[in-house]
Amino acid sequence: MASLVDHAALFAATPSPYLVLAPDLVIVDVNRAYLAVTGRTREDLVGRHVFNAFPDNPADPEADGVRNLGASLHRVLATRQADTMALQKYDIPVMGRPGVFDERWWSPVNTPVLGPDGQVDYIIHRVEDVTEFVKAYQAAHPAGVRVGERLEEAQVLEAELYARARELQRLNEELRQAHTREREVAVTLQEAMLHAPDLAHHRDIAVRYLPATGSLNVCGDWYDVVDIPPDRLAVAVGDVIGHGLRAAAVMGMLRSALSAAIRALERPAQALEVLGLYARSVEGALGTTTFKGVIDTRSRLITYSSAGHPPPVLAHPDGRCELLDQATDPPLGARPQHVPRPQASLPYKPGDTLVLYTDGLIERRGQDIDAGLGQLIDVLSEFGRLGTEQLADTILARLGVASGGRDDVALIVVRL
C-alpha cells in the first residue's frame, strides 16, 4: 500500500533544526526550526552557498567554523557516510545589523542522502543550539567561584560534557590529518608499484585501480602493460589474497616477476609457470590468481593463460562477446607439484575490445559470480563502441563500484 505520509510536512514540522545542501553546498531546503534558531527566512537562505549565508565572524581571529564545517561536509561527500562534529563555536550574523555577529555554539551532524547511483545527492545538516549550556559552563568557572555555586549540578555536568567534546574535536582533527598523511604515503607507494611505462605508448588502453572502500588506498590487485617488440603487447591482471600494505607488498613482487618473465619467455603459459615457482618462496603469495595475455598485432591473435582468474571478455562491435576461458588452471601454488600450465589462442579483428579485470568488479556477497559476469557482458554488448576511457568509467558505474566496493578492483580496457 502506498505511503500516505506527507514527508514535506514532516520535514517542515520536525523540531530539530535541519538544513538541506546540494553537493556544491548550496542551500536547497530548510525547516521551520532552523529558521527560528537562526532568525532567518527561507528567502534569506534557499539558493545561497552555505558559507555565503553563514561566514566566519571577522571580529574573531580564532573563528574556525567555516573551516571545520567545510571539512566535515567534504568528508561526507568523499566517504558517503554521516559525520558527527563535536561542539562548534560558529557565530552567525545578526539580521539587519551589518557586521554584527551573535555568539553561538552548535552540535552539528551531517548526513548524506544517496541517489540511485550511490552518489551523494544531498547533505542533511542537523544542528542543536547549545549556546546556553556553554555560557552556563563559562559562568560557572570564574576566578574564586567554586563549581556548582551558580548553577544546578545537572547544568554544570552538561556544560562539562560539551567542553570535553570541543577538546575531542581538536584531537579527532589531528588524527584525521595524520591519517591523510598516511594515505598519501600509501598512494605514492601504490602508484610506484603499478607504474607501467609502456602504457604511455597506447592511447587506446584505459586502466582503472580502485582499492576496497575503507582501505588505506593500497591493495593486492594489479595490472600491467608490457611492449614486446616488434609487434606484440602483453597485458596482465592479478589478485593477491588480502588487503592493505602486506598484500600490496606481495603484489609488487609478483607483478615485477611476471613482467620480467614475459619479457624473457614471451609465452604466457611459461611465464605463469615461472611465476608459480617463484610464488612458493614468497610468504602470502599462495592462492594468488592472475591472467596473462599476449596480443600479436601482426597475426591478430590473443594468446593467453590463466591461473584461477576470472575470464577476460573480448567484445565485438556488433555486441557479441567471447570469454577467454579455454586455458584456466588453479591459482598460484595450489598444486603440490609443478605441472605445465595450459595456453590457448583467440583471433580478433580491428575494433574489438579486450576487457581484463579482477573479481572485485563482478563478485557480490550473496550473488553468484556468474551473475556479475553476465552484467559485465551486458554492459559491453550495449556500450562496447565507446572510447576506452569512457567505457572503463561506464563499466565501473554500471556494476556499482565507481566509488569503490567491498573488494579491490583492477581493470584494463584495450581497443584492438
Problem set entry | trypsin sites (Lys or Arg not before Pro) within region 256-324: DSSP coil, no more than 16 neighbouring Cβ in 10 Å | ARG280, ARG298, ARG300, ARG320
For this session: Please get the size of the charge dipole for the chain, origin at its Cα centre, with Cβ charges of +1 on Lys and Arg and -1 on Asp and Glu, quoted in debye to the nearest 20.
Result: 720 debye
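What is the percent carbon and sulfur in the accessible area of the chain, measuring with a 1.4 Å probe over the protein chains and ignoring ligands? Can you show the working numbers first?
On the way: 11280 of 20980 Å².
Reported share for carbon and sulfur atoms: 54 percent.
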Problem set entry | Average accessible surface area per residue within the chain, 1.4 Å rolling probe, Å² | 50 Å²
For this session: Convert each backbone phi in region 22-31 into a coupling constant with the Karplus relation 6.51 cos²θ - 1.76 cosθ + 1.60 (shift: θ = phi - 60°), then list the ³J(HN,Hα) values in order as whole Hz, x for Gly and Pro.
Result: 7, x, 8, 6, 8, 6, 10, 7, 7, 9
Exercise. What distance in nm separates the simple spin-label points at ALA13 and GLN390, each placed 7 Å from Cα in the Cβ direction?
Worked result: 4.9 nm
Problem set entry | ARG246-ASP318 FRET efficiency (beta carbon distance; Förster radius 45 Å; 0.05 resolution) | 0.50
For this session: Using a Förster distance of 25 angstrom, determine the FRET efficiency expected from the C-beta separation of LEU114 and GLU173, and round it to 0.05.
Result: 0.45
Exercise. From the backbone phi of region 379-386, what are the Karplus-calculated ³J(HN,Hα) couplings (6.51 cos²θ - 1.76 cosθ + 1.60, θ = phi - 60°) in whole Hz, Gly and Pro given as x?
Worked result: 5, 5, 5, 8, 10, x, 7, 5
Seminar exercise, completed: Counting sequence-distant residues (5 or more places) and residues on other chains, those with an amide H built under 5 Å from that of ASP407 are THR213
Problem set entry | Extension gain (nm, one decimal) between ASP368 and GLU283, 0.36 nm per residue minus Cα-Cα | 27.6 nm
For this session: Figure the gain on full extension for ALA22 and HIS49 (residue separation times 0.36 nm, minus the Cα-Cα span) and round it to one decimal in nm.
Result: 8.8 nm
Exercise. Can you tell which of ALA8, ILE377, SER281 lies farthest toward the positive end of the dipole of the chain, using +1 and -1 charges on the Cβ of basic and acidic side chains (Lys, Arg; Asp, Glu)?
Worked result: SER281
Seminar exercise, completed: Diffing region 113-124: the Karplus 3J(HN,Hα) column from phi (6.51, -1.76, 1.60, θ = phi - 60°), in whole Hz with x for Gly and Pro, holds 10, 8, x, x, 8, x, 8, 6, 8, 9, 10, 8
Exercise. Put +1 on the Cβ of each Lys and Arg and -1 on the Cβ of each Asp and Glu in the chain; which of ALA78, GLY366, GLN270 then has its Cα farthest toward the positive end of the dipole?
Worked result: GLN270
Seminar exercise, completed: At R0 = 25 Å the Cβ-Cβ FRET efficiency linking HIS195 and ILE228, nearest 0.05, sits at 0.85
Seminar exercise, completed: the chain, Gaussian network, Cα under 10 Å: of ARG67, ARG32, ARG104, the residue fluctuating most is ARG67
For this session: Please report the relative contact order for the chain, taking Cα pairs under 8 Å with a sequence separation of at least 6, and give it as a percent rounded to a whole number.
Result: 12 percent
Seminar exercise, completed: Once amide hydrogens are built 1.01 Å from N within the peptide plane, the residues lying 5 or more places from GLN326 or on another chain with amide H under 5 Å from its amide H are none
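The values are calculated or read from the model by the stated rules, or taken from the named source; none is laboratory data. Everything numeric in this text was worked out from a predicted model, so none of it was measured. Counting neighbours? That spans all protein chains shown, and the Cβs are built from the backbone with ideal geometry, glycine included. Side chains included, ligands, DNA and RNA excluded: accessible areas come from the protein's heavy atoms. Shrake-Rupley method; radii C 1.70, N 1.55, O 1.52, S 1.80 Å.
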